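The values are calculated or read from the model by the stated rules, or taken from the named source; none is laboratory data. Small disclaimer: the values here were computed from a predicted structure and weren't measured. Quick reminder, even Gly has a Cβ in these numbers, built from the backbone with ideal geometry, and neighbours come from all protein chains shown.
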Amino acid sequence: MSKNLEPGTTIPDFELPDENGETHRLSDLQGENLMVVHLSRGEHCPRERMHHRELLRLYEWCSVAFTELVSIMPNTQHDVLRLKIGTGAHWNFLADEELEAQKHFDIREYTDTHHENAVVPHTLILSPGLQIEKVYVGYWFWGRPSPEQLWIDLQELSSRTKEDFDPTVPEVRAKWEQSQVATPA
């Protein structure tokens, strides 16, 4: 059974290389934005390629919605590059060759007897500060979230975390107008 994946908990600030060897911290990638992290099964899996092609649409939305998308793969940098290029993705793909995420979350796919590094895929919805809001388990393909499901999750999360989500609320407008008043010298 997986561990450390309960909503309300904070995930580790993993520091992993991308396909080019440049190291990234999850917190730096997230900034103050919402984040979707896909803990990938591995480059060898055709379901991963299909799911990442579906995530292309989500990424287009994320790029205008103050939301980051990251895929963490239990592979070498070369294999990470192969999946990224093969699916046409443009978001951050990170290589977890040491299997830090797999070990921390206890998500080794023990049913795969051919790939020692295989992970039970999970998709995490994170609020700022790397806090887990929702978890999808994608062992079966239909357990993985569609872009539309992620849209709904991110919409609900934004409405809870962005105090100006609805700028027509009088209190929100008053706060904005107050911020526009020049401070006396």
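Out of the residues in the range 107-134 meeting the condition of being of a type in the set (Val, Ile, Thr) and part of a strand (DSSP E or B), tell me which one is surrounded by the most Cβ atoms within 10 Å (Cβ to Cβ). Per the stated criteria, the residue is VAL119.
Under the condition of being in a strand (DSSP E or B) and more than 16 Å from the chain's Cα centre (by Cα), the residues counted in the range 1-34 number 1.
Quick grid of which residues meet (1) closer than 21 Å to TYR139 by Cα; (2) in contact with a Phe, Trp or Tyr (Cβ under 9 Å, 6 or more places away or on another chain); (3) at pLDDT below 95; (4) not small (Gly, Ala, Ser):
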{"residue": "TYR59", "(1), (2), (3), (4)": "no, yes, no, yes"}
{"residue": "GLU68", "(1), (2), (3), (4)": "no, yes, no, yes"}
{"residue": "MET73", "(1), (2), (3), (4)": "yes, yes, no, yes"}
{"residue": "GLY88", "(1), (2), (3), (4)": "no, no, yes, no"}
{"residue": "ASN92", "(1), (2), (3), (4)": "no, no, no, yes"}
{"residue": "PHE105", "(1), (2), (3), (4)": "yes, no, no, yes"}
{"residue": "VAL119", "(1), (2), (3), (4)": "yes, yes, yes, yes"}
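Inside the range 12-28, can you point out the residues that are surrounded by fewer than 21 Cβ atoms within 10 Å (Cβ to Cβ) and touching a strand residue (DSSP E or B) at 6+ places or on another chain (Cβ under 8 Å)? Within the range 12-28, ASP13, PHE14, GLU15, PRO17, ASP18, THR23, HIS24, ARG25 qualify. Within the range 60-81, the set of residues being crowded, with 18+ Cβ neighbours inside 10 Å, free of Cβ contacts under 8 Å to residues at least 60 places away in the same chain and not hydrophobic (A, V, I, L, M, F, W, C) comprises GLU68, SER71, PRO74, ASN75, ASP79. Taking the range 68-106 as the range and being part of a loop (DSSP other than H, G, I, E, B), under 14 Å from VAL37 (Cα atoms) and touching a Pro at 6+ places or on another chain (Cβ under 8 Å) as the test, only ASP96 passes.
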